[in-house]
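To start, the structure under review is shown below, and the notes come after it.
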Amino acid sequence: MIYKYITTNVVAKIDDDGISRMSCSIENEEFKAWLAEGNTPDPADVPPIVIPTEVSMRQARLALFQQGKLSLIQPLIDAMTDPQKTATQISWDYATIVKRDDDLVEALSAQLGLTDADLDALFTLASTL
């Protein structure tokens, strides 16, 4: 039998066959006794990292600023030709949401030399701001 953290304050009791038989608080007397015997519970499962599919424009701009890339966006837009330039400028100025799979995001990230992993990291950062 082992215990495994489910959350910071809850553990699951796992039998030798790998089946969870019960969950209890870390204040449970049986769990405390098991710990006193020198046992250590297994850590909680790490939740998968979920890449946000959209963030607000405010979050996107703050993330770009933190990464030192915000000042690079307007020159990229200025270098475009119409009608792409006007459409992109309108999106940049007035969009409230930035979607990860938007053509504008793909085009600007390519011009910034961002990989898919870089863009995922930028969206993940933005979602925390």
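General remarks:
- Helices (runs of 4 or more DSSP H) wholly inside segment 1-107 containing at least 3 residues that are without any contact (Cβ under 8 Å) to a residue 24 or more places away in the chain and of a type outside the set (A, V, I, L, M, F, W, C): 29-36, 70-78, 84-94
- Of residues in segment 18-31 being surrounded by fewer than 14 Cβ atoms within 10 Å (Cβ to Cβ) and over 30 Å from the mean Cα position of the chain (by Cα), the one modelled with the lowest pLDDT: Arg21
- Filter pass, Asp15 being modelled with pLDDT under 95, within 21 Å of the chain's Cα centre (by Cα) and of a type outside the set (Phe, Trp, Tyr): no
- So Phe65, is it within 20 Å of the chain's Cα centre (by Cα) and surrounded by fewer than 16 Cβ atoms within 10 Å (Cβ to Cβ): yes
- Among residues that are touching a strand residue (DSSP E or B) at 6+ places or on another chain (Cβ under 8 Å) and crowded, with 16+ Cβ neighbours inside 10 Å, Ser127 is included.
- Within segment 108-129, being outside any loop (DSSP other than H, G, I, E, B) and polar (S, T, N, Q) holds for Ser109, Gln111, Thr124, Ser127.
- Qualifying residue in segment 78-88 (condition: under 27 Å from Ala121 (Cβ atoms), in contact with a Phe, Trp or Tyr (Cβ under 8 Å, 6 or more places away or on another chain) and modelled with pLDDT of 85 or more): no
- Within this structure, Asp15 fails the test of being among the charged types (D, E, K, R) and out of contact with any strand residue (DSSP E or B) (no Cβ under 6 Å at 6 or more places or on another chain).
The values are calculated or read from the model by the stated rules, or taken from the named source; none is laboratory data. Everything quoted here is computed from the prediction, not taken from an experiment. When we count neighbours, we look across all protein chains shown, and the Cβ atoms used for this are built from the backbone with ideal geometry, even at glycine.
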